[in-house]
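Scroll down for the structure; my scribbles are underneath it.
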Amino acid sequence: MSDPQAEVIAFLAAAATHGGTAPKRVDTHGAVVFLAGERVYKLKRAVRYPYLDYSTVEKRRAACEAEVAVNRRTAPGLYMGVVPVTRAGATLHLGREGDAADWVVVMRRFDEDATLDRLAERAALTLDHIERVADAVAALHAKAERRTNPAASASMGEIAAENADLLRQAPILDAANVEALVSATARQLATHRALLDRRRADGTVRRGHGDLHLRNICMIDGRPTLFDALEFDVRLATVDVLYDLAFLLMDLWRRGLREHANRLFNRYLEQTGDYDGLAALPLFLSVRAAIRAHVAVAAGSATENMNSVAAEARAYLALAGSVLVEAPPMLVAIGGWSGTGKTTQARVLAPALGRTPGAVILRSDVTRKRLAGVGELDRLPESGYAEDVTARVYATLGDNAGRCIRAGQAAIVDAVAARPDERAVLEQVGRSAGVPFAGIWLDAPLDVRTRRVEARINDASDAGREVAERQARLDAGAIAWERATASKSAAETARAVAAAIRARNPVMTLRVLFDAATIAARVQRMAAEVAAAAPADVVAIGVLKGAFVFLADLVRALDGCGVQPEVEFLRLSSYGRSQHSAGAIRPLGEPPSSVAGRTVLVVDDIADSGLSLTYARDFFLARGAAQVLTAVLLDKPSRRKVAFQPDFTGFVIEDVFVVGYGLDDAERHRHLPYLAVASTPD
């Protein structure tokens, strides 16, 4: 089928169109972009997807005009207008009178290396960048048009249903993982339907950006500029503000920039105070990741580069499922005199605490300024630190911490907590919510504290040398919290803080990843897949110890499919007592049965680096096996060190530490009937 835009694309790609300079071409699934000199020309592709329709010239013109209008809210200097590609006889022209063959958005060109995705790729995306981005997003949301009419915006149910349809149509995605995600999303929607409706009524559904990821933010003159907002469907861009933010949070988290994601999260919440809506954040993050999964598939189809995007799509699908995993919240309070490093330690700890994107940090300094109605960098008079004001600050901290915990998000309170009654307020929040509480008191000598407070720049704290010296003469009373020395480096203090938290909460946090019913259903399907691919004479060899439960269930399921394999075991040494594959593989003994001329099915718990299973495959081939097939319960493709793909896979997951169903943490948790993500603060 010929491309109806081939002539226009060739015209825009020609050097003659741009004064003799050949433009640079960038292809996306929805547009072809030409960068020529100081200008950018963006041509909408003549495509039609369930969520996007650029199939006619007039629809593309309307989309171009909508793009310019919506983006001038945040990037007025970038969007210059919409011009036609016109035809005069057999010749095309740009911006002249005549019949329009197509339309393009004209933009002022900016440094391509200044987009946040490029900065992230070269490790140049700073936390200062992120704080400025959070401020820009909060400002957009504050001014955005509110929509309380359900017909004016797309519901999460509609978006999720569309995701399900598109994911099911993607052959490169594992059907079991897709169905598990669809089911989990449906449960989340049912749980939070009333909250979503209430937020709409309260005005949190607004005409936001709609496509807010790193590639659509650039640094211009030192300021973050949001551009390329979603224009093709006003309803899809008119969404809950936290759903708008979730795209950017998800993008950062997927790239492994978890400190950045948590900083964005907390900076935005400091501006908005939108703690009650956090209950829906896992759903929002998951839906955003699911969108990126099917968009990656579509992009691969459009560019004939499916192989290169398959891993990306699967990673997004795995992320969409993992962020829905339950993570019981906890409350941590970090106290200590000014200059002990409370804020630094809160920021170190937050990304690793609780569910994605980590804990909410509630700073007493910021809370005090908000209550006073001043900016966080404005200095308060002595009256701003009066006893009654301080009592209100701690009451507010406790209230906000409770709101976060009720919404399912872990919280960290960063406050001096100099008095027993102030510490008691925070302890009571944990008791009332029934969640683990860890109070940490940081100790540092006066000279260290004064040096630190005098070095502060652009910080909400008003404390200087005088305050630090005054505090040295105060009595904090009996401190029942765990104490940690904070006089050394931030990294050393962080280790002490993590140890103190473990001392208070020694039990590893477990979040159910796949329940017993989901595992059983998937094992049954895997057995059918194995039975269809393997001959009758199969020897199933389980890799000890983690695969023993999986192997037993798989063998029983195979019997129901008419296959009765011989069962043997092989022990390989790789993990020891670590949570990651060490890389050095060696057999500990050999299976007693001969495998010569037979089909070997190697059954393992996890495909991680790929080293163990590659070794096992070669091990049995060297002993004369006719063929070696591999079946794994879990696959972590992001941790691959060698080119390896299992023949049969239960679930594709992110790089998380999983226990249960035979998998252990130093011999613990093997007995659990489900698979759970295990974590401790570190």
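The values are calculated or read from the model by the stated rules, or taken from the named source; none is laboratory data. Keep in mind it's a predicted model, so treat the numbers as computed, not measured. Cβ: placed from backbone, ideal geometry, glycine included. Neighbour counts: every protein chain shown.
Data overview
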| quantity | calculated |
| --- | --- |
| Conditions (1) touching a Lys or Arg at 6+ places or on another chain (Cβ under 9 Å); (2) closer than 16 Å to Arg61 by Cα; number of the one not met by Asp117 | (2) |
| Any hit, segment 213-226, residues being among the charged types (D, E, K, R), outside the structural domain of Pro76 (by TED's automatic domain parsing) and buried (at least 24 other Cβ atoms within 10 Å of the Cβ) | no |
| Residue match in segment 413-423 (condition: modelled with pLDDT of 95 or more and assigned to a strand (DSSP E or B)) | yes |
| Subset tally (residues that are farther than 18 Å from Ala6 by Cα and in contact with a strand residue (DSSP E or B) (Cβ under 8 Å, 6 or more places away or on another chain)) for segment 48-58 | 0 |
| Residue selected from segment 541-573 under the condition among the charged types (D, E, K, R) and over 20 Å from Ser594 (Cβ atoms), by the criterion surrounded by the most Cβ atoms within 10 Å (Cβ to Cβ) | Asp553 |
| Matching residues, segment 356-379, being surrounded by 15 or more Cβ atoms within 10 Å (Cβ to Cβ) and at pLDDT below 90 | Glu376 |
| Given (1) touching a Pro at 6+ places or on another chain (Cβ under 6 Å); (2) without any contact (Cβ under 8 Å) to a residue 40 or more places away in the chain, number of the condition Ala516 does not satisfy | (2) |
| The one condition in (1) more than 24 Å from Arg452 (Cα to Cα); (2) over 14 Å from the mean Cα position of the chain (by Cα) that Ser322 fails to fulfil | (2) |
| Scope segment 321-369; condition closer than 16 Å to Gly398 by Cα, not small (Gly, Ala, Ser) and not in a helix (DSSP H, G or I); matching residues | Pro329, Met330, Leu331, Val332, Ile334, Val360, Ile361, Leu362, Arg363 |
| Residue ID - nearest to Asp102 (Cα to Cα), chosen from residues in segment 1-18 that are in contact (Cβ under 8 Å) with a residue 60 or more places away in the chain and touching a helix residue (DSSP H, G or I) at 6+ places or on another chain (Cβ under 8 Å) | Phe11 |
| Some residue of segment 473-493 being farther than 28 Å from Met330 by Cα, of a type in the set (A, V, I, L, M, F, W, C) and not assigned by TED's automatic domain parsing to the domain that holds Leu675 | yes |
| Selection within segment 430-446 - in a helix (DSSP H, G or I) and of a type in the set (Gly, Ala, Ser) | Gly430, Ser432, Ala433 |
| Check on Ile479, part of a loop (DSSP other than H, G, I, E, B), among the hydrophobic types (A, V, I, L, M, F, W, C) and out of contact with any strand residue (DSSP E or B) (no Cβ under 6 Å at 6 or more places or on another chain) | no |
| Segment 655-667: number of residues that are touching a residue at least 24 places away in the same chain (Cβ under 8 Å) and either surrounded by 20 or more Cβ atoms within 10 Å (Cβ to Cβ) or over 23 Å from Arg254 (Cα atoms) (or both) | 9 |
| Matching option when the condition is surrounded by fewer than 15 Cβ atoms within 10 Å (Cβ to Cβ) and touching a Ser or Thr at 6+ places or on another chain (Cβ under 8 Å), among Ala229, Ala201 | Ala201 |
